[in-house]
Amino acid sequence: MALDLASLASVRAFATAFLHSEPRLDFLIHNAGISSCGRTREPFNLLLRVNHVGPFLLTQLLLSRLKMCTPSRVVVVSSAAHRRGRLDFARLNHPVVGWQQELRAYADSKLANVLFVRELATQLEGTGVTCYAAHPGPVNSELFLRHVPGWLRPLLCPLAWLVLRTPRGGAQTSLYCALQEGLEPLSGRYFANCHVEEVPPAARDDRAAHRLWEVSKRLAGLGQEEEEAPSSLSRPHPEDPTVTEPHTNPHSSPDSSKLTHRSRMKTELKTSAS
Ligand SMILES: NC(=O)c1ccc[n+]([C@@H]2O[C@H](COP(=O)([O-])OP(=O)(O)OC[C@H]3O[C@@H](n4cnc5c(N)ncnc54)[C@H](OP(=O)(O)O)[C@@H]3O)[C@@H](O)[C@H]2O)c1
């Protein structure tokens, strides 16, 4: 099943296909993420879309199945970078340009992950579905390396191999949050190295968490119908969610740009690396 978290249409299509084909959902782990927009120029904050809004929407659309399979869990892979995040709600979905804005937007999206889990835990209290934010640690993955110019890779790759965790090591905290027995009382909390950790004040601000929830609903184009009657998933969503966003590009067709953005990004990166 294909899933492009940058495209809300793709998230909806994936959820529909999943709900029709899979009777059980015991664990939902949101691991996918990006650290840069590459050379794509979307009329919205692509980092927030892939790292938070897409996973937010997917969680909402699959919630009914998680509730049918209790005890079930949602794990959102965040990062220690959330400690540098600060959400500016006035500019939350503004396009991100340049590496400095990208670093900031990455940290903000990871703070959004922690706040999302916090609010989700509140909303799910008593349902048997629990949720956790997980930091994998510094992992030797493609997250940052894929944006390094080709000539620098031979220098950086051995260094990364020496000092960073293997992807298997990086997966341990997420797996712990999904599988460890008895974690239910810690629903809504942030974990690193398979331990619960305190987060800074910005990441335990309940008002900000609630506000983010409401803004995320709008950015995801989540209607009451989808929230309350998940069976409606089989019908196409009436509104194109990006239309409600302030920075929609009037020259691009609504969702085709997003459906293809990953392949475009990969092609562009290959070109720039060669
Ligand atoms: N690496 C670190 O040091 C580190 C530290 C802290 C937190 N994290 C977090 O760990 C998570 C995993 O990152 P990673 O290090 O494993 O990075 P990675 O090697 O770059 O993997 C990212 C994954 O996300 C998927 N992905 C990217 N864009 C997507 C989209 N639009 N729709 C669906 N899937 C998409 C990629 O799929 P394709 O391969 O198909 O493109 C890939 O499987 C991320 O949430 C990241 O923020 C990583």
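Out of segment 181-211, which residues are assigned to a loop (DSSP other than H, G, I, E, B) and either at positive phi or without any contact (Cβ under 8 Å) to a residue 40 or more places away in the chain (or both)? Write out each step before concluding.
At the first step, the residues of segment 181-211 found to be assigned to a loop (DSSP other than H, G, I, E, B) are 181-183, 187-189, 193-194, 198-200, 205.
GLU181, GLY182, GLY188, ASN193, CYS194, GLU198, listed by residue number.
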* To do: Exactly one condition in (1) surrounded by 15 or more Cβ atoms within 10 Å (Cβ to Cβ); (2) more than 16 Å from the ligand (Cβ to nearest atom) is not met by GLU181; state its number.
  => (1)
* **Any hit, segment 44-53, residues being of a type outside the set (D, E, K, R), more than 9 Å from the ligand (Cβ to nearest atom) and over 12 Å from the mean Cα position of the chain (by Cα)** => yes
* Does segment 20-38 contain at least one residue that is part of a helix (DSSP H, G or I) and either within 11 Å of the ligand (Cβ to nearest atom) or closer than 24 Å to GLU119 by Cα (or both)? -> no
* **Residues satisfying the stated conditions in segment 1-14, i.e. within 13 Å of the ligand (Cβ to nearest atom) and over 25 Å from TRP99 (Cβ atoms)** => MET1, ALA2, LEU3, LEU8, ALA9, SER10, VAL11, ALA13, PHE14
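Look through LEU111, LEU103 and report the one residue that is under 22 Å from GLU42 (Cβ atoms), of a type in the set (A, V, I, L, M) and buried (at least 22 other Cβ atoms within 10 Å of the Cβ).
Details: LEU103 fails: buried (at least 22 other Cβ atoms within 10 Å of the Cβ).
Of LEU111, LEU103, the one residue that is under 22 Å from GLU42 (Cβ atoms), of a type in the set (A, V, I, L, M) and buried (at least 22 other Cβ atoms within 10 Å of the Cβ) is LEU111.
Find the helices (runs of 4 or more DSSP H) located wholly in segment 73-171 whose residues include 2 or more that are more than 12 Å from the ligand (Cβ to nearest atom), and list them. Show your work before the answer.
Details: elements: 98-124, 142-145, 153-163, 167-170.
Passing ranges, in order: 98-124, 153-163.
Coordinate-derived values only; no laboratory data. Computed from a predicted structure; not experimentally measured. FYI the Cβ positions are ideal-geometry reconstructions off the backbone, even for glycines, and counts take in every protein chain you see.
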